[in-house]
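Heads up: the structure comes next, in structure tokens.
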Amino acid sequence: MQNKAIADMLEEIASMIELEPGDRHFEVRAYRRAALSIETLQEDVADILRNRGMEGLKEISGVGEGIGAKIKEFIETGKMRKYDELKKKYPVDFKGLTKVQGLGPKKIIKLYRKLGITDLESLKKAISSHRIMKLEGFGEKSEAEMEKALGFLESSKGRLTLGQALPEAESIATKLRKSKLAYRVEVAGSLRRMRETIGDIDILVISSEPKKVMEFAANLDEVDSVIAMGETKATFWLTIGTSCDIRVVEQNSFGSAMQYFTGSKSHGVKMRQIAIKKGFSLSEYGLFDKKGKAIASESEEEIYKRIGMDYIEPEMRENIGEIELAIKHMLPKLIRYGDVVGDLHVHTTHSDGAEKIEEMASYAEKIGMKYIGISDHSQSEFVAHGMDDAKFMEYFKEIDRLNEKLEGRIRILKSGEVDILKDGSLDLSNKTLDEMDYVLATVHGNRNMDRESMTKRVITALSSGRVGIWAHPTGRLINAREPLQLDLDKIFEVAKDNDVVMEIDAYPDRLDLNDENIRKAKSYGLKFAIDTDAHRASNFDFIRYGIGTARRGWLEKKDVINTMNIERMLKALKANA
Ligand code: DGT
Ligand code: CA
Ligand code: CA
């Protein structure tokens, strides 16, 4: 599948056009939009072209005649002239360099023209020989920041996000299931534990024809090349840039294999020690007594039970106290994947979303949501087309009209993603804030404040009595941007005193709060909202990443306000009602 390669090229064209003289931002946006649609497309673009021609291409959101022709050219000839021409002018690795936080196309090209920097390698060299700080417009501070960002990038190298890997793993598993070569196919490893990033994909298969399974897998579209292939275990390199271990096991050891290969390693080691203390032995083949007789192996539940503990959900298996609780029968009863009935953080065309309020609401209704809170950006967030007070008033009226039209099938709540400004004040007038059912507040600009000032900024906002939910609290982007410097203990205390709800933003690049901070926040008695931060209807699918993260944070249904019906939810939110 060439979708990713094409999307990358379009994205790079956008970066290069940005450098051309004149105001080209419409063109830049068009290329970026097309790149995003193609990257997230389920169908192979080459198939679309083959089956439905140019018309088919133009049906892809963001693709018109011009961009369509370029995609066609690339699929047919392996080249895109526009790309090659621009590349001759700007021979640098935009894809690599834009991953460094703070580096955009304009800075990149300056670094190229002045210092000959073309990729991450030459950037690293320029930093270590302190050539950047001498450059006009950069300075010592900016060189130090670049060095830090580069280090961060290197430390996260190689691990894909949950949102990148899970759909891919599921697609492989589904194809294996449909092949009729397997009785059962399950995803194991860190993906089953819903970790925020994963090192590789692990898939377990029950089959009596392991060889055929491996051959089938080797020929899947997702597979780029075979790294190693044995009778019952193979490792493939996938086109998305990670590897995939596939193991074929027997039906009668499936439970113990799942228990072993789900990990974590540390959880597995501890389980094994406990089994030994009880006179058993535990391996991927089963739980055995002293005589070597298998006493449990087909099901995971049975294994946990026979060792003398309650079943531990995969998301909790990190050896951070869950085993001790399972022995004492004191495990939390985790929130389940179907428990969320409303989404309190949703964007629309009123700011940087792709669909209208009505479209988002009717899709949410279709997937069973009882309410959604529309929370478009406030004025300071100008890159996301944030709204001023007057525009918010218009938007509230539209929501009133829609609620009437929807006749209670789903309730649309009025909210806004309101910036917490540098001094801790909120980005809209009190009158506008009062009109909202609840206020979602967060830090966007001026991210580089020190820990003390940033903590004070957030505390000022959360103690204003106007904030319902603190959205994506730490502001981190996984593998891309570090969290804000915050004293979370101090903030959680203030949040508790002011009944502010903590968000778990399910957007796969965010997962914020993360598992560890969720457990910390819960220890302060705080409540949570799991939101998708959807910018288009298909983003509602992200909810499972948020619920997975909540489960990793040991949350129960009662900790999460958007599992409640609307009356109870609004009460828990200390809304303006
Ligand atoms: P990852 O891939 O780095 O995100 O993390 P995992 O947990 O998926 O680790 P991976 O793929 O290396 O191995 C999958 C599981 O296999 C792991 O969670 C536990 C099990 N496992 C691997 N190596 C060992 C080991 O040396 N001892 C034990 N007890 N289990 C292991
Ligand atoms: Ca793995
Ligand atoms: Ca593995």
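The helices (runs of 4 or more DSSP H) located wholly in segment 3-81 that include 3 or more residues which are closer than 27 Å to P91 by Cβ occupy 3-17, 25-39, 65-77.
Got at least one residue in segment 487-503 being closer than 25 Å to M146 by Cα, surrounded by fewer than 19 Cβ atoms within 10 Å (Cβ to Cβ) and in contact (Cβ under 8 Å) with a residue 24 or more places away in the chain? I'd like the intermediate steps shown before the answer.
Within segment 487-503, the first condition is being closer than 25 Å to M146 by Cα, and the residues that meet it are 487.
Then keep just the ones that are surrounded by fewer than 19 Cβ atoms within 10 Å (Cβ to Cβ); that gives 487.
If we keep only those that are in contact (Cβ under 8 Å) with a residue 24 or more places away in the chain too, we end up with 487.
Among the residues of segment 487-503, at least one is closer than 25 Å to M146 by Cα, surrounded by fewer than 19 Cβ atoms within 10 Å (Cβ to Cβ) and in contact (Cβ under 8 Å) with a residue 24 or more places away in the chain, which makes the answer yes.
In segment 187-221, which residues are within 16 Å of ligand 2 (Cβ to nearest atom), among the acidic types (D, E) and closer than 15 Å to T174 by Cα? Within segment 187-221, D202 is the sole residue that qualifies.
Among the residues of segment 340-354, the ones that are crowded, with 20+ Cβ neighbours inside 10 Å and either in contact with a Phe, Trp or Tyr (Cβ under 8 Å, 6 or more places away or on another chain) or of a type in the set (A, V, I, L, M, F, W, C) (or both) come to 7 in all. Scanning segment 412-426 for residues that are touching a Lys or Arg at 6+ places or on another chain (Cβ under 7 Å), surrounded by 17 or more Cβ atoms within 10 Å (Cβ to Cβ) and either of a type in the set (D, E, K, R) or not in a loop (DSSP other than H, G, I, E, B) (or both) returns I420, L426. Among the residues that make up segment 188-200, is at least one of them modelled with pLDDT of 95 or more and farther than 30 Å from E516 by Cα? So far as segment 188-200 goes, no, none of its residues is modelled with pLDDT of 95 or more and farther than 30 Å from E516 by Cα. Checking each residue in segment 249-281 for being within 8 Å of ligand 1 (Cβ to nearest atom), in contact with a helix residue (DSSP H, G or I) (Cβ under 7 Å, 6 or more places away or on another chain) and of a type in the set (V, I, T) picks out only T262.
Condition check for A165 on (1) within 20 Å of G255 (Cβ to Cβ); (2) within 15 Å of ligand 3 (Cβ to nearest atom): one failure, at (1).
With E301, E315 as the choices, which residue is in contact with a Gly (Cβ under 7 Å, 6 or more places away or on another chain), outside any loop (DSSP other than H, G, I, E, B) and touching a residue at least 12 places away in the same chain (Cβ under 8 Å)?
Numbers: E301 fails: in contact with a Gly (Cβ under 7 Å, 6 or more places away or on another chain).
Result of the check over E301, E315: E315.
Here K233 clears all of (1) within 16 Å of ligand 3 (Cβ to nearest atom); (2) surrounded by 17 or more Cβ atoms within 10 Å (Cβ to Cβ) except the condition numbered (2). Reported count of residues in segment 49-68, each being small (G, A, S), surrounded by 13 or more Cβ atoms within 10 Å (Cβ to Cβ) and over 18 Å from R81 (Cβ atoms), is 3.
Scanning segment 222-239 for residues that are more than 14 Å from ligand 2 (Cβ to nearest atom) and among the hydroxyl-bearing types (S, T, Y) gives S225, T232, T239.
Which ones in segment 1-29 are small (G, A, S) and either over 18 Å from I60 (Cβ atoms) or crowded, with 19+ Cβ neighbours inside 10 Å (or both)?
Let us first name the residues in segment 1-29 that are small (G, A, S), namely 5, 7, 14-15, 22.
The answer is A7, A14, S15, G22.
Given I201, I227, I246, which one is in contact with a helix residue (DSSP H, G or I) (Cβ under 6 Å, 6 or more places away or on another chain) and over 23 Å from R552 (Cβ atoms)? Step through it out loud before you land on a result.
Details: I201 fails: over 23 Å from R552 (Cβ atoms); I227 fails: in contact with a helix residue (DSSP H, G or I) (Cβ under 6 Å, 6 or more places away or on another chain).
Being in contact with a helix residue (DSSP H, G or I) (Cβ under 6 Å, 6 or more places away or on another chain) and over 23 Å from R552 (Cβ atoms) holds for just one of I201, I227, I246, which is I246.
Taken across segment 405-420, residues that are over 26 Å from K571 (Cβ atoms), among the polar types (S, T, N, Q), in the same structural domain as F492 (by TED's automatic domain parsing) and touching a residue at least 12 places away in the same chain (Cβ under 8 Å) do not occur at all.
Just to verify a result, which residue in segment 162-185, among those that are more than 23 Å from E39 (Cα to Cα) and surrounded by fewer than 18 Cβ atoms within 10 Å (Cβ to Cβ), is nearest to ligand 1 (Cβ to nearest atom)? Lay out the reasoning, then the answer.
Restricting attention to segment 162-185, the residues satisfying the condition of being more than 23 Å from E39 (Cα to Cα) are 176-185.
Still in the list and also surrounded by fewer than 18 Cβ atoms within 10 Å (Cβ to Cβ): 177-180, 183-184.
Values: R177: 21, K178: 25, S179: 23, K180: 27, Y183: 21, R184: 18 Å.
That would be R184.
The values are calculated or read from the model by the stated rules, or taken from the named source; none is laboratory data. Note that the structure is a prediction, hence the values are computed from the model and not measured. We place every Cβ from the backbone using ideal geometry, glycine too, and count neighbours over all the protein chains shown.
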